[in-house]
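*Asks:* Structure provided below as structure tokens; questions to follow.
The values are calculated or read from the model by the stated rules, or taken from the named source; none is laboratory data. Just so you know, these numbers come straight off a predicted model, no measurement behind them. Cβ placement follows ideal geometry from the backbone for every residue including glycine, while neighbour counts extend to all protein chains displayed. Surface areas here come from the heavy atoms of the whole protein model, side chains and all, with no ligands, DNA or RNA. Shrake-Rupley method; radii C 1.70, N 1.55, O 1.52, S 1.80 Å.
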Amino acid sequence: MNKLFEEEIRFNLASRPNWEQGARHREKVTGYLTGLAADRNGRLCVLGAGNSNDLDLKQLLQVYSEIHLVDLDESALEYGVESQAVSDDPRVFRYVRDITGVGQELAACEAAGVQPETDLSEIIQRFSQPAALDLPDPFDVVCSTCVLSQLILQTVNAVGDTHPQFEELMVAIRSQHFQTIVEFINDGGAGFVVSDFVSSESATDMKEVPDFQFTQYLSQLLSSRNFFHGVHPGILFSQLKGNTPLAALVQNVKMLPPWRWDLGSRQYAVAAIQFHRLPRH
Ligand SMILES: C[S@@+](CC[C@H](N)C(=O)[O-])C[C@H]1O[C@@H](n2cnc3c(N)ncnc32)[C@H](O)[C@@H]1O
């Protein structure tokens, strides 16, 4: 079994009882997704759905005709639909997929023990294209929920963040993830990227900061470089804005105010970006 994926499955198992604590985060994610449902007939795809603790599936089924949940962890997907009593609903679909398509190669790097002189060019090249996921895309709305930080963490665990090509690899993973999202969206459809970017593990006073000071507090953390590898909200925004190939494919790119994701013992700060896909020519 892929050791990096085993770690994800362990985390999902441990975070299952967090339905109550995660209520605020779930309300935010579900609320924005509800707002993006243009009519009541759209199809929603969620990448990194896991336990679906951040999705109120019944509420979303009131505004989407179908919900497609994608994750590498089959048991988490099953838990999510069962705990929310929608496992028999024919409008909810589950797919066990590695959304990068490169997870096995990364795990092989981890198993082999990468040296600083190990050349990672081949694996970086693999990230230059979205993976063939065999999903019924395009969808009207595509959401990525706190999966990007995990993809990058898997890379840190696989090759180490001091490898001379680590930065290049991380940039390739991030860019592949955004490409996957944009590619999966129907003409005129919407994308919604949610990413945790720092936690109370390194920002130890996060839980005590009052809500009205939260945004300012996060700016200070970012200025002092206290954030997870590769998911600075400004860098995420820049994937879709400015002079990038993806920016030419999207419009109405909007950074939303950050919020907290409570996981009981730990709290995360979350950034979110929404946008629309321009028609293909
Ligand atoms: C932090 S969790 C997201 C939380 C989840 N949405 C919830 O509320 O239960 C990240 C999810 O990404 C999934 N994941 C990580 N790497 C993945 C990959 N390469 N392909 C598909 N899913 C992946 C994990 O299994 C996990 O369920």
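*Asks:* With a ≥ b ≥ c taken as the square roots of the eigenvalues of the C-alpha gyration tensor of region 121-242, please select rounded if a/c is under 1.5 and otherwise prolate if a/b is larger than b/c or oblate if it is not?
*Replies:* Because a/c hits 1.5 or more and a/b fails to exceed b/c, region 121-242 counts as oblate.
*Asks:* Along the Cα-to-C-beta direction of residue 205, a point sits 7 Å from the Cα; which residues of region 257-276 have their amide N less than 18 Å from that point?
*Replies:* Flagged as within label range: 267-269.
*Asks:* Determine the gain in length on full extension of the stretch residue 161-residue 74; use 0.36 nm per residue of separation and subtract their C-alpha separation, reporting nm with one decimal.
*Replies:* Result for the pair: 28.4 nm of gain on full extension.
*Asks:* Between residue 91 and residue 108, 0.36 nm times their residue separation minus their Cα-Cα distance comes to what?
*Replies:* 2.4 nm
*Asks:* Would you work out the charge dipole size for the chain about its Cα centre, treating the Cβ of every Lys and Arg as +1 and the Cβ of every Asp and Glu as -1, and quote it to the nearest 20 debye?
*Replies:* Dipole about the Cα centre, nearest 20: 860 debye.
*Asks:* Let me ask something else about it. Calculated FRET efficiency, residue 220 and residue 243, Cβ-Cβ r, R0 30 Å, to nearest 0.05?
*Replies:* E between residue 220 and residue 243, to the nearest 0.05, is 0.55.
*Asks:* Percent of accessible area on region 48-91 owned by carbon and sulfur, 1.4 Å probe?
*Replies:* Using a 1.4 Å probe with all protein chains present, region 48-91 comes out at 40 percent carbon and sulfur.
*Asks:* Could I ask something else about it? Considering only lysines 8 or more places apart in sequence, or on different chains, count the pairs in the chain whose C-alpha atoms sit under 22 Å apart.
*Replies:* Lysine pairs meeting the criterion: 4.
*Asks:* So, one more: Give the Rg/Rh ratio for region 52-109, taking Rg as the radius of gyration of the Cα atoms and Rh as the Kirkwood radius, to two decimals.
*Replies:* Result for region 52-109 is an Rg/Rh of 1.07.
*Asks:* Let me ask you something else. What is the distance in Å between the Cα centroid of region 14-55 and that of region 221-262?
*Replies:* Cα centroid to Cα centroid, the span is 20 Å.
*Asks:* Please find, in a Gaussian network model of the chain (springs between Cα atoms separated by less than 10 Å), the residue of 270, 92, 46 whose mean-square fluctuation is greatest.
*Replies:* 92
*Asks:* Continuing with this model, one more query. Mind checking Rg over Rh on region 54-153, alpha carbons, Kirkwood formula for Rh?
*Replies:* We get a ratio of 1.06 for region 54-153.
*Asks:* Same structure, new question: Taking K and R as +1 and D and E as -1, what net charge do the other residues with C-beta under 14 Å from the C-beta of residue 91 add up to?
*Replies:* Its environment carries a net charge of 0.
*Asks:* Which helices, taking whole DSSP H runs in the chain, have alpha carbons extending 24 angstrom or more along the helix axis plus mean Kyte-Doolittle at least 0.0?
*Replies:* 166-184
*Asks:* May I pose another question? Considering all alpha-carbon pairs of region 8-47, what whole percent are spaced by more than 17 angstrom?
*Replies:* 49 percent
*Asks:* Also, quick follow-up: Measuring with a 1.4 Å probe in the full set of protein chains, what accessible area per residue, in whole Å², belongs to the chain?
*Replies:* 46 Å²
*Asks:* Let me ask something else about it. Cα-based Rg (one decimal) and Dmax (whole number) for the chain, in Å?
*Replies:* In Å, with Rg to one decimal and Dmax whole: 18.1, 54.
*Asks:* Moving on. If the viscosity is 1.567 mPa s and the temperature 4 °C, what Stokes-Einstein diffusion coefficient in µm²/s follows for region 1-68 when Rh is the Kirkwood radius over Cα pairs?
*Replies:* My calculation gives 99 µm²/s for D.
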